[in-house]
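Read through the structure below, which is laid out as structure tokens, and then see the notes.
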Amino acid sequence: MSHPEPSTPAAPPPYEPRRPTLIAAAAFTLWPLLLSLPMFAGMWLASPWSDQYTAGLPFHSWSAEWFKRSGHLPLWNPEIFGGMPFVAAGSGDIFYPTWLLRFVVPVTTAGNLSFSLHYILAGLFTYLLLRRLRVGWTGSVIGGLAYELSGLIASYPSPGHDGKLFASTMLPLILLALVLALRDRRWQGYPLLAAATGLTLLGHFQLAYYSLIAAGLFALYLTFEEAGDSGGGERVLRLGLALAAVLIGFGVAAIQILPFFEYIPFSPRAQGYHGFEGSTSFAIPWNHVLEFFLKNFVGSTGEGTYWGSNPLKLHSEYLGLPVVALAALGVTVPERRRLVLWAGGIGLLFLLISLGAGTPFFKLWWAVMPLVKKTRAPGMAFYVVALVTAMFAGLGVERALKGEGRRVMTPALIIGGIVALLGITGVFGHIAETLAAAKATAAGADQSAILWGAVTSGLALTAAAAALGPAQGRLTPRLGALALILVVGTDLWLNARNFWRYTKPYGRDQVIDRITATPLPYRVFNPPGPGAYPGSALMAFDIPDLFGYHGNELRYYDELWGGKNEWRNLGVLPLWDLWAVRYAILPAGAQTLDSIPGFRRVLDSVTIFEGARVNLFERLAPAPYARVVPAAIKVDSAAIIPTLLHPRMDFSRIVLLTNDQPITPEPLKQMELPPPSPSRAAVTAWQPGRMTVTLDPAPPQPGYLLIAENWYPDWEASADGRPAQVLRGDYSLITVAVPAGAKVVDLTFRSKLYELGRTVTIASLAALLIALLAAVVLPWRAPHG
């Protein structure tokens, strides 16, 4: 008599909590909350090398203060690099909704909240996307955690890149909106797509570029592979509606986009970003790749342990070893083959972009794709790879929970143990030293971090594999889900915590108090690079800095001072006079200047907020912020800067114009410079983007008013109420052609493209609101075509 073979025990039903989204949101909140604990003690999420420290706080506090004073956002920023457009040049999240927080809480608190909130949202949006793609609760939570705490995203606080975080957060929301609109035929997807697109653009332009490409490819997947019984006409209609929603998103961001594109020809990137080499700078080098799987492998510039090929590294590319293993399992799910192929193709595309010149592909990408020549740092595109990996990890959890856990996770358990063992024996540290070559010292300093990272990554993989494999039958579905969430979350949190660095918000000191007692306008020389005050910090106190930190200042100014970040003309004191430098701040000590011609020391070896000791010098006879110049000549552009640097150049007698200026100056009599004008200019009213200059006595002959601020085409001027020409003089300065007898000159910065963009944004927001209302009123599902 034959006996039937024993059947395989059925897998228990997957865990589904009573309130799934609420419990998921709690999981996504836990880890950012742990990382945010120092905030409750008044600490600020910004390290000394963070953009938040050097630029974010100054930009945000200065603009909020001037908004309160004037009732509108300042469009011109006179505080750094001789003045530059505030909106057009890009100055952080100017219009992103979190900017409103700065009016109710301190700027540093607003920054803290912005970071923490968006990590929770990144996880939640990824979770909702996976749920809509019919992934179970546990897999969706793991996917959400894998994305919000993925190394690149979790390390954004280290360089202070909040705009990148905002844009990264919106990518899963964009994909979710596309699923709702194109596959599920729900009207709500279209306004959601428009809103997410607008927020992405307001967050970070380059990441928005990447997100829209990824979204376009995903939209094609949904149209061709997931449209069900829809006819061709209906598919085209839904794609058209999705495109219209994206265009409305562009309209929402038009207030930022239109001025930005006007600015590009005047920026350092007007002719591209230093060719192919510049555009591929800060890609992910091949010697970083092992860090996809092991924490800390390449080190960090902030710790002095970075040994990779880039100039610096303040972030992580760790995807999570358990996450990668689950993702590898997820790509083998047969019933999700079409999703895996399309999403995998998107992930591969952005991996190739991230690797930059490391593969031949980027040469084609750089040559074909619009605007890529004006960008750099393609490594930031890795966030798309992180999202695809997180999605696949969710699918991997699904497969493991369907009764296959013991079989499919046993190899992962073994691999995890091997990785931990190799970490303990120092194998990965030796690999790093071999790859480091000339930076072997930094790699040596990174040894303990590499060991710790490899061991914890390996143990995390072992624990995750055990929870989904051998232990799955011994744990209840709820305990199994909790164990997996804790293992994956802890592994990623251990990596992220190295990049959440805090400091105390900086404040006033003796030097700042001394300078701000002087009525504006004037300018302060604070050496760029390692110097007295970091970056644009003086801007936070409404002190105009001759330099500062921005990255996208006006190119004419850069060229006048001897090249961006080179500043070869830094010590040319006549240029200090031209730019109305009144104060100079120099480090105290033996390696500094003891005196400056024409200046006197007013503070000696005083301590500033960073703890450094400095000397403060003040000009004996303040240089004029505005001066009347009797004559002008046109000179070839290449000859202007050498002429300005000539010791015999007299800025009060002649102004140099480029040949493209729309004016024909009166020829010089007998080719001799005229004497200085008897008229004296006094700035009687001054604020960002607006000033009044009084001429006394009135100039007896037509002449030129030279202002110590940068020219830009949006400047307008009037002389005694009548329009006056605004020119670019002495290579970079505002120069106004004034008639004889003029007494008062008014200058105003007015951006017509900003005004147009504001109108388009308001109209687009109105359209978006109407679409939201319509989505509520219309049937839940769109009708079939």
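Summary of values
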quantity	calculated
Scaled radius of gyration (Cα, divided by 2.2 N^0.38 Å) that the chain gives	1.08
Amide H contacts of Trp187 (H built 1.01 Å from N, under 5 Å, at least 5 apart or other chain)	Ala782
For the range 650-785, alpha-carbon Rg relative to the globular expectation (2.2 N^0.38 Å, N residues)	1.68
From the C-alpha gyration tensor of the range 15-91, square roots of 5λ in Å	38, 17, 12
Integer Hz, Karplus 6.51/-1.76/1.60 couplings in order for the range 741-755, x for Gly and Pro	x, 5, 10, 9, 10, 10, 10, 9, 8, 10, 9, 5, 5, 5, 5
Expected 222 nm ellipticity per residue - DSSP helices of 4 or more, -39500 (n - 2.57), all of the chain, to 500	-14500 deg cm²/dmol
Angle in degrees between helix 137-148 and the longest Cα principal axis of the chain, rounded to the nearest 10	30
Gyration tensor verdict on the range 122-239 (Cα atoms; rounded if a/c is under 1.5, prolate if a/b is larger than b/c, oblate otherwise)	oblate
Linear extension gain, Leu113 paired with Arg750, 0.36 nm per residue minus alpha-carbon span	226.0 nm
Reach of Lys504 by Cα under 13 Å, taken over aspartates and glutamates that are not fewer than 8 positions away in the same chain	Glu610
Ellipsoid semi-axes in whole angstrom, largest first, where each is sqrt(5λ) of the Cα gyration tensor of the range 199-261	28, 13, 7
Over the chain, relative contact order from alpha-carbon pairs under 8 Å, at least 6 apart, %	16
Within the chain, longest stretch clear of exposed trypsin sites (Lys or Arg not before Pro) (DSSP loop, no more than 12 other Cβ within 10 Å)	135-473
Residue-normalised accessible area of the range 186-258, expressed per residue, 1.4 Å probe, Å²	33
For the range 1-160, convex hull of alpha carbons as volume per residue, Å³	178
Among the listed pairs Lys68/Lys313; Lys564/Lys743; Lys164/Lys439; Lys564/Lys669; Lys68/Lys564; Lys164/Lys373, those beyond 31 Å (Cα-Cα)	Lys68/Lys313; Lys564/Lys743; Lys564/Lys669; Lys68/Lys564
Under the Karplus curve 6.51 cos²θ - 1.76 cosθ + 1.60, θ = phi - 60°, whole-Hz ³J(HN,Hα) for the range 758-767, x wherever Gly or Pro sits	4, 5, 5, 4, 4, 5, 5, 5, 5, 5
Kirkwood-type radius of the range 476-548, with distances r between different C-alpha atoms, in Å	16.3
Residue-by-residue Karplus 3J(HN,Hα) for the range 76-89, coefficients 6.51, -1.76, 1.60, Hz, glycine and proline x	10, 10, x, 7, 9, 6, x, x, 7, x, 7, 7, 4, 7
Calculated P(r) of the range 327-395 - Cα pairs past 17 Å, %	46
Fraction of alpha-carbon pairs over 19 Å apart in the range 411-526 - percent	66
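The values are calculated or read from the model by the stated rules, or taken from the named source; none is laboratory data. All values reported here derive from a predicted model rather than from experimental measurement. Glycine gets a Cβ as well: all are built from the backbone with ideal geometry, and neighbour counts include every protein chain shown. Just so you know, the surface numbers come from the protein's heavy atoms only, side chains and all, with ligands and any DNA or RNA stripped out. Shrake-Rupley method; radii C 1.70, N 1.55, O 1.52, S 1.80 Å.
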